[in-house]
Amino acid sequence: MAASIATVQTVKDLRTEVAKWRKAGETIALVPTMGALHAGHLSLVAVAKSRAKRIVVSIFVNPTQFGPKEDFKRYPRDEAGDLAKLTQAGTHLVYIPDMEEMYPQGFATKVSLPSLTEDLCGAARPNHFEGVATVVTKLLLQCASDVAVFGEKDYQQLLVIKQLVRDLNIPVEIVAAPIVREEDGLALSSRNFYLSPSERTTAPILHQVLSEVATALASGEGCDATSSAGRFKLEGKGFRVDYVAVRDPETLAPLFGPIRGPARVMGAVYLGTTRLIDNVPTAPKSR
Ligand code: PAF
């Protein structure tokens, strides 16, 4: 049987463990998660291992990033399964703070980046990114790792985190990890767990359509026409579309007309009550 993995619940114990590694001259990577771990999270651990000697994974289902009508209560939780997967993946320490440790009585600070979060997912999920930015700032400061790894699937989140680290001079390198997909193209997500069998059959069409938009953009078609065509196709397949958008990959600024440099095609849809997001990179074909 595999040895049981080390866990800590408090900032004090986390810092004690991290300090031992620092004293030994070892580098540290943090992988923040909300648990219910799948192969996508384990790929973040693999990226972390390529960047640092010691790996800390945090598990905290952060209530402040869920809207009042969202799935905080039913968000999947499987601590025993998560610990088994993290042991297997070679994680050194799992940080599992409770609510009181993260948001003690009287907690009053919010980290907010309005210019990056008012549209795309931020428009449909008001306060979501403020919750993410606040909890990630806390996790980064609590762990004080050299590196922290986030997935490109939550692309707007990734840019929010890069920006807050720059703005607040947090001494950590943010590393982006590529999206991990099922064989049929569906991006791995803990929320895929909610899909009914027929929704699961439809879900990969999101990636197919975003990829088609990316191909059309690469061959010189305009942003508006391609994203509208993408939206139309998705609606025809039974998705309720929140957005299909073509954005600058560094700033998320909207792009217009044929693209002249790299771009990100981003989409958010609902299948039943499940919200799915995905994105694909593109760039003009050299002609
Ligand atoms: O991407 C997630 O799982 C969460 O938004 C994060 C970064 C762990 C913050 O709660």
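The values are calculated or read from the model by the stated rules, or taken from the named source; none is laboratory data. Here the structure is a predicted model, which means the values were calculated and not measured. Note: ideal-geometry Cβ built from the backbone for every residue, glycine included; neighbour counts use all protein chains shown. Accessible surface areas use protein heavy atoms only, side chains included; no ligands, DNA or RNA. Shrake-Rupley method; radii C 1.70, N 1.55, O 1.52, S 1.80 Å.
Only residues that are within 30 Å of Gly35 (Cα to Cα) and in contact with a Ser or Thr (Cβ under 8 Å, 6 or more places away or on another chain): list them for segment 193-237, please.
Correct list: Tyr194, Leu195, Glu199.
With respect to Asp154, is the statement that it is open to solvent by 30 Å² or more (accessible area, probe 1.4 Å), among the charged types (D, E, K, R), closer than 20 Å to Leu252 by Cα and near the ligand (Cβ under 10 Å from one of its atoms) true?
So Asp154 passes the test.
Return the residue satisfying two criteria in turn: it lies in segment 47-72 and is away from the ligand (no atom under 16 Å from the Cβ) and open to solvent by 20 Å² or more (accessible area, probe 1.4 Å), and of such residues it is farthest from Lys23 (Cα to Cα). Give the derivation first.
Within segment 47-72, the subset away from the ligand (no atom under 16 Å from the Cβ) is 49-54, 68-69.
The next check asks that each one be open to solvent by 20 Å² or more (accessible area, probe 1.4 Å); those that pass are 49-51, 53-54, 68-69.
Numbers: Lys49: 19, Ser50: 21, Arg51: 18, Lys53: 13, Arg54: 13, Pro68: 44, Lys69: 46 Å.
Once the filter is applied, the top-ranked residue is Lys69.
Consider segment 206-226. How many of its residues are within 13 Å of Val244 (Cα to Cα), open to solvent by 20 Å² or more (accessible area, probe 1.4 Å) and either among the polar types (S, T, N, Q) or touching a Cys at 6+ places or on another chain (Cβ under 9 Å) (or both)?
Here the count works out to 2.
Kindly check whether there is at least one residue in segment 7-25 that is more than 11 Å from the ligand (Cβ to nearest atom), part of a loop (DSSP other than H, G, I, E, B), over 18 Å from Thr87 (Cβ atoms) and touching a strand residue (DSSP E or B) at 6+ places or on another chain (Cβ under 7 Å).
As a first pass, look at segment 7-25 and keep what is more than 11 Å from the ligand (Cβ to nearest atom): 7-25.
So of that shortlist, the ones also part of a loop (DSSP other than H, G, I, E, B) come out as 9-10, 24-25.
Keeping just the survivors that are over 18 Å from Thr87 (Cβ atoms) gives 10, 24-25.
Filter once more, keeping what is touching a strand residue (DSSP E or B) at 6+ places or on another chain (Cβ under 7 Å): none.
Taking every residue of segment 7-25 in turn, none turns out to be more than 11 Å from the ligand (Cβ to nearest atom), part of a loop (DSSP other than H, G, I, E, B), over 18 Å from Thr87 (Cβ atoms) and touching a strand residue (DSSP E or B) at 6+ places or on another chain (Cβ under 7 Å).
Quick one: how many residues across segment 8-20 are touching a residue at least 60 places away in the same chain (Cβ under 8 Å) and surrounded by fewer than 22 Cβ atoms within 10 Å (Cβ to Cβ)?
Within segment 8-20, the first condition is being touching a residue at least 60 places away in the same chain (Cβ under 8 Å), and the residues that meet it are 8-11, 14-15, 17-18.
Right, trim to surrounded by fewer than 22 Cβ atoms within 10 Å (Cβ to Cβ) and you get 8-11, 15, 17.
Summing the residues that are touching a residue at least 60 places away in the same chain (Cβ under 8 Å) and surrounded by fewer than 22 Cβ atoms within 10 Å (Cβ to Cβ) in segment 8-20 gives 6.
Please pick out the residue among Ala177, Ala133, Ala148, Ala144 that is aliphatic (A, V, I, L, M), at pLDDT 95 or above and away from the ligand (no atom under 15 Å from the Cβ). Even if it seems obvious, please write down each step before you answer.
Values: Ala177 fails: away from the ligand (no atom under 15 Å from the Cβ); Ala133 fails: away from the ligand (no atom under 15 Å from the Cβ); Ala148 fails: away from the ligand (no atom under 15 Å from the Cβ).
The unique qualifying residue is Ala144.
For Ala108, are the conditions met, namely being surrounded by 15 or more Cβ atoms within 10 Å (Cβ to Cβ) and outside any strand (DSSP E or B)?
Spelling it out, it is not the case that Ala108 is surrounded by 15 or more Cβ atoms within 10 Å (Cβ to Cβ) and outside any strand (DSSP E or B).
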